């Protein structure tokens, strides 16, 4: 399974590098407004083709791009119920602190676990290749984090159970 | 001990590749993706079969033989394949995507993203 991890991350990295061709674009409909067009999707001509990169049925990455913003939604691998709960808790922990991440979206897109929104302002303030590095590293690390958390949950549960039930023997 | 092919001087059999996979692939990729959806669907099926039949060592050669127009179309079909979620097809497409980007560059990707008349996520 891990033999597709490297090509999957390379594909996401290449697609992101290409899709992050964004510039400032004030809103066409409303005066003096400047909105990330990928979120509103009001004008067809401002959007690029969205791309769905699947590694398998459970893991995918949805990249939507527009003239001034890019939205990246990730579905992480969740093998069983415990991993689902852990993933949900972990992503909600990150999403509540989305301000400090800057590129993180507070709510994931429908059908995915976590979403990033990168606007032209982020590209002006930060290096584009570093933003791409961040997203790809995130995708790589989140699987490891979730398995680590799962291991600690299981070992803690085992320790607690032994202690508690040891009182009865 | 088996040495890898590159050490023994084994090269892909270019003649047979030309005859089989490359000709089918070139034909399928010459179809303009802006044409009718049925034609695009048939080309997509042909491309899928062709890439699953190509051997590992021949992929780079096949990609180099395509002209820029065909490479752009190839990228579009790869993205269509990646959107399906079928593990085997996705593994193939991811591999080809990496090789094609090395060969054709990021421009190929951005041209497939900006061709709005060809959706990269088939709706059917």
Study note, to complete from the structure: Expected unfolding gain across residue A:153-residue A:24 under the 0.36 nm per residue rule, minus the alpha-carbon gap, is 41.9 nm
Revision key, fill the gap. At q = 0.08, 0.13, 0.14 1/Å the base-10 log of I(q)/I(0) from the Debye formula over the alpha-carbon atoms of chain A is -0.31, -0.69, -0.77
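What's the Kirkwood radius of the protein assembly as shown in Å, using all Cα pairs? Kindly include the intermediate steps, with their values, before the conclusion.
Numbers: mean 1/r = 0.0471 Å⁻¹.
When all Cα pairs of the protein assembly as shown are included, the Kirkwood radius is 21.2 Å.
Using the count of nearby Cβ atoms within 10 Å as a rough guide to exposure, how do A:168, A:134 rank from fewest to most?
So the residues, fewest neighbours to most, are A:168, A:134.
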**Study point:** Extended-chain gain in nm, criterion 0.36 nm per residue less alpha-carbon gap, residue B:34 and residue B:99
**Key:** 20.9 nm
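Most exposed first by the Cβ proxy, i.e. fewest other Cβ within 10 Å, how do A:162, A:4 rank? Don't jump to the answer; show the numbers that get you there.
On the way: A:162 9, A:4 18.
Listed from fewest to most nearby Cβ atoms, that is A:162, A:4.
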Study note, to complete from the structure: Inter-chain shielding metric for A:39-51, i.e. average beta-carbon neighbours from other chains within 10 angstrom, reads 3
Review point. If each of residue A:164 and residue A:112 carries a label point 7 Å out from its Cα toward its Cβ, how far apart are those two points in nm?
Key: 3.9 nm
Check your understanding: Using 1/(1 + (r/R0)^6) with R0 = 25 angstrom and r between the beta carbons of residue A:42 and residue A:124, what's the FRET efficiency to the nearest 0.05?
Key -> 0.60
Check your understanding: Using a ≥ b ≥ c from the Cα gyration tensor of the range A:52-102 (square roots of the eigenvalues), is it rounded, prolate or oblate, where a/c under 1.5 gives rounded and otherwise the larger of a/b and b/c decides, a/b for prolate?
Key -> oblate
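Shielding by partners for B:78-86, please: the mean number of other protein chain Cβ atoms within 10 Å of each residue's Cβ.
Neighbouring Cβ atoms belonging to other protein chains average 5 per residue here.
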**Study point:** Cα-projected label distance for residue A:33 with residue A:97, points at 7 Å along beta-carbon direction, nm
**Key:** 3.3 nm
Review point. When the helices in chain A are scored as -39500 (n - 2.57) per DSSP H run of 4 or longer and the sum is shared across all residues, what 222 nm value do you end up with, to the nearest 500 deg cm²/dmol?
Key: -16000 deg cm²/dmol
**Study point:** Shielding of A:11-18 by partner chains, average beta-carbon count, 10 Å
**Key:** 6
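Fewest Cβ neighbours within 10 Å first, please rank A:152, B:84 accordingly.
The fewest-first ordering by Cβ neighbours comes to A:152, B:84.
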Exercise for review: Would you mind checking the range B:47-70 for residues with the amide N under 16 Å from a putative spin-label position 7 Å along Cα→C-beta of residue B:23?
Suggested key: B:50
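Just so you know, all these numbers are worked out from the coordinates, no wet-lab data involved. Computed from a prediction, not measured in an experiment: that's the story for all the values here. Don't worry about glycine lacking a Cβ; one is built from the backbone with ideal geometry, like all the others, and counts go over all protein chains shown.
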